[in-house]
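> Take a look at this one; I'll ask things after.
The values are calculated or read from the model by the stated rules, or taken from the named source; none is laboratory data. It should be emphasised that the depicted structure is a prediction, and the values quoted were computed from it without experimental measurement. A quick note on method: Cβ atoms are made from the backbone with ideal geometry, for glycine too, and the neighbour counts reach across all protein chains shown. These accessible areas exclude ligands, DNA and RNA; they are computed on the full protein's heavy atoms, side chains included. Shrake-Rupley method; radii C 1.70, N 1.55, O 1.52, S 1.80 Å.
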Amino acid sequence: AEKEVQKVGLNKDLLFPLWTETVRKAMSSDLKAIQTGPARRGDQDTISKHLALLQGEDSKAAIYSMLSAYIQTEYLSLIHI
């Protein structure tokens, strides 16, 4: 994340509130209950847009795709239980 914000000329300190809130939630909640994002919502349009932003960064795109697929599989399996 630090590298990505630096690419656009921002300081990593901008990420501290996000990191702090993420850790606070993780420590006090059920992690599956607080999962958010396009993969969790099944928002394929946003996932496609994110992958377009990663064009030319094959390793990052592969990781994003694998994590998104995993998250979607996890939540689909919960619905079918």
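> Return a yes/no flag: does the stretch 41-52 have any residue that is among the aliphatic types (A, V, I, L, M) and farther than 17 Å from Tyr75 by Cα.
Step one: filter the stretch 41-52 for residues among the aliphatic types (A, V, I, L, M), giving 47, 51-52.
Now narrow it down to the ones that are farther than 17 Å from Tyr75 by Cα: 51-52.
The answer is yes; a qualifying residue exists.
> When you scan the stretch 54-65, do you find a residue that is touching a helix residue (DSSP H, G or I) at 6+ places or on another chain (Cβ under 9 Å), assigned to a helix (DSSP H, G or I) and farther than 26 Å from Val8 by Cβ, even just one?
No, every residue in the stretch 54-65 fails to be touching a helix residue (DSSP H, G or I) at 6+ places or on another chain (Cβ under 9 Å), assigned to a helix (DSSP H, G or I) and farther than 26 Å from Val8 by Cβ.
> Under 6 Å between Cβ atoms, at least 6 apart or on separate chains: pull out the pairs that start in the stretch 29-54 with a residue that is free of Cβ contacts under 8 Å to residues at least 12 places away in the same chain and end on any residue that is of a type in the set (A, V, I, L, M).
Leu54/Ala61
> Right, next: Hey, among the residues in the stretch 49-81 that are of a type in the set (Val, Ile, Thr) and open to solvent by less than 100 Å² (accessible area, probe 1.4 Å), which one's modelled with the highest pLDDT? Break it down into steps so the answer makes sense when it comes.
From the stretch 49-81, those of a type in the set (Val, Ile, Thr) are 63, 71, 73, 79, 81; that's our starting set.
If we keep only those that are open to solvent by less than 100 Å² (accessible area, probe 1.4 Å) too, we end up with 63, 71, 73.
Values: Ile63: 97, Ile71: 93, Thr73: 91.
Going through the qualifying residues, I end up with Ile63.
> Please state which one of Thr20, Thr46, Thr36 is open to solvent by 60 Å² or more (accessible area, probe 1.4 Å), part of a helix (DSSP H, G or I) and among the hydroxyl-bearing types (Ser, Thr, Tyr).
Details: Thr46 fails: open to solvent by 60 Å² or more (accessible area, probe 1.4 Å); Thr36 fails: part of a helix (DSSP H, G or I).
It is Thr20.
> Here is a further query. Of all residues in the stretch 23-33, count the ones that are surrounded by 10 or more Cβ atoms within 10 Å (Cβ to Cβ) and either of a type in the set (Lys, Arg) or in a helix (DSSP H, G or I) (or both). Talk me through it step by step, then tell me what you get.
From the stretch 23-33, those surrounded by 10 or more Cβ atoms within 10 Å (Cβ to Cβ) are 23-26, 29, 32; that's our starting set.
Restricting the remaining residues to those that are either of a type in the set (Lys, Arg) or in a helix (DSSP H, G or I) (or both) gives 23-26, 32.
Going through the stretch 23-33 one residue at a time, the tally reaches 5.
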